[in-house]
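The values are calculated or read from the model by the stated rules, or taken from the named source; none is laboratory data. Model, not experiment: these values are computed from the prediction. Cβ placement follows ideal geometry from the backbone for every residue including glycine, while neighbour counts extend to all protein chains displayed. These accessible areas exclude ligands, DNA and RNA; they are computed on the full protein's heavy atoms, side chains included. Shrake-Rupley method; radii C 1.70, N 1.55, O 1.52, S 1.80 Å.
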Amino acid sequence: MAAVASLRALLGRAIDYAGMFPPCSLALEPGMKNQAEYVRSPDSWMLSTFVLPVVKFGDAAALVSQFDKHHPLRVSALGAKTENAKDFLAELKNAVEAIRSFQKQHLDLVSVVQLEMFLPEDIDLAKLNGAVGVVGDLKLQTFWETPAESAEQTISLLARAKQPAFGYKLRTGGVTADAFPSSVQIARALLASTKHHVSIKFTAGLHHPVRQLLDEVKTAMHGFLNVLGAGVLSAEHHWDEAQTIEMLEDQRAGSFEFHDTVFAWRDWEITLDRIKARRKFVTSFGSCSFDEPREDLRALNLLF
């Protein structure tokens, strides 16, 4: 579908399709079938990766033939969650070996571009530096997840590792109200990301463009235009926490304007080239649906 240039800049490769995860919870085969259709759709410019658990690589191998060198399977590999730093490093080694093997077996068809893993509480700078060596020469953008309350601390730790490919992953929702971080927590993570030049991505709870109250989760769901928009605008205009929260909590679709040369929220604007520059650090969000975000954008007359 067509979209103005500023929306394309803000949402270009912004959606990591996570159809295998709640609430959609598809099996691997229909999930990969959807991805194969999405990469060939007119909206493929919005699509980033297919979120695929490392443990499913073997099963996925039989389904890779749905893709071709012009429409490859771009993967965000999801490593297993571990309880301590020792197990984390062991699991990371397993994930890296699996990624190397998976890509080697499916040249031209598969590109693993991201790795996502949960960081255990006892991780420290030394262990994180050990992870740098494990990832080695793989051209991977890695995103390390922790609970929202430790986002600022973790982002600071990632910055000290001085590994540009290390980013932070913030969970922005789920199927119950307690899975949703507050706007304060999201704002602090965004501002810490900007301060330390650490990339940030999001996962869950961002199915809709604009923040809204929904009965299905008994809380306000964050909007992906709010979150990505606040990410680029707060960095560009050096916003404080209060200003960032104000945008995150805006439930008026009319506050967001997309033009050929600028994206605007209320009186704040950012040009195309600056959106693209800021998006290097505000990267993408995982969604179990690729259809719902597009349907909502069409309802707002932003896709046509």
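In this structure the amide hydrogen of ILE200, modeled in the peptide plane, comes within under 5 Å of the amide hydrogens of TYR168, VAL282, THR283, none closer than 5 places in sequence on its chain. With the biggest extent put first, the Cα atoms of the range 1-116 measure 48, 29, 25 Å across the principal axes.
Once you have the alpha carbon radius of gyration of the chain, what is it after dividing by 2.2 N^0.38 Å, with N set to its residue count? Present the calculation step by step, with values, prior to reporting the outcome.
Details: Rg = 18.5 Å, N = 304, 2.2 N^0.38 = 19.3 Å.
For the chain, the normalised Cα radius of gyration comes out at 0.96.
Along the range 145-151 the Karplus relation, 6.51 cos²θ - 1.76 cosθ + 1.60 evaluated at θ = phi - 60°, assigns HN-Hα couplings of 9, 9, x, 4, 5, 10, 4 Hz to successive residues, with x for each Gly and Pro.
Remark on the range 1-65: ratio of C-alpha radius of gyration to 2.2 N^0.38 Å is 1.23. Each residue of the range 227-238 was assigned a 3J(HN,Hα) from its phi angle through the Karplus curve 6.51 cos²θ - 1.76 cosθ + 1.60 (θ = phi - 60°); the sequence is 6, 5, x, 5, x, 7, 6, 5, 5, 5, 10, 6 Hz, with glycine and proline shown as x. Taking the square roots of five times each eigenvalue of the Cα gyration tensor of the range 194-272, the equivalent ellipsoid has semi-axes of 21, 16, 12 Å, listed largest first. Taking every DSSP helix (H) stretch of at least 4 residues in the chain, weighting each as -39,500 (n - 2.57) and dividing the sum by the residue count yields a mean residue ellipticity at 222 nm of -11500 deg cm²/dmol. Using a probe radius of 1.4 angstrom, the carbon and sulfur fraction of the accessible surface of the chain is 51%.
Taking every pair of distinct Cα atoms and averaging 1/r, then inverting, what Kirkwood hydrodynamic radius in Å comes out for the range 149-255?
On the way: mean 1/r = 0.0716 Å⁻¹.
Roughly 14.0 Å, rounded to one decimal.
One quarter of the convex hull surface built on the alpha carbon atoms of the range 61-107 amounts to 3.7 nm², the projected area averaged over directions.
Computed from backbone phi with θ = phi - 60° and the Karplus coefficients 6.51, -1.76 and 1.60, the 3J(HN,Hα) list for the range 208-218 is 10, x, 10, 3, 7, 7, 10, 5, 4, 10, 6 Hz; x is used for glycine and proline. Size of the range 68-175 from its Cα atoms: along the principal axes, largest to smallest, the extents are 41, 33, 24 Å.
Largest accessible area first, the listed residues THR219, THR49 line up as THR219, THR49 when surface is computed with a 1.4 Å probe on the assembled protein chains. Projected label points at ARG298 and GLN163, each 7 Å from Cα along the beta carbon direction, are separated by 4.2 nanometres.
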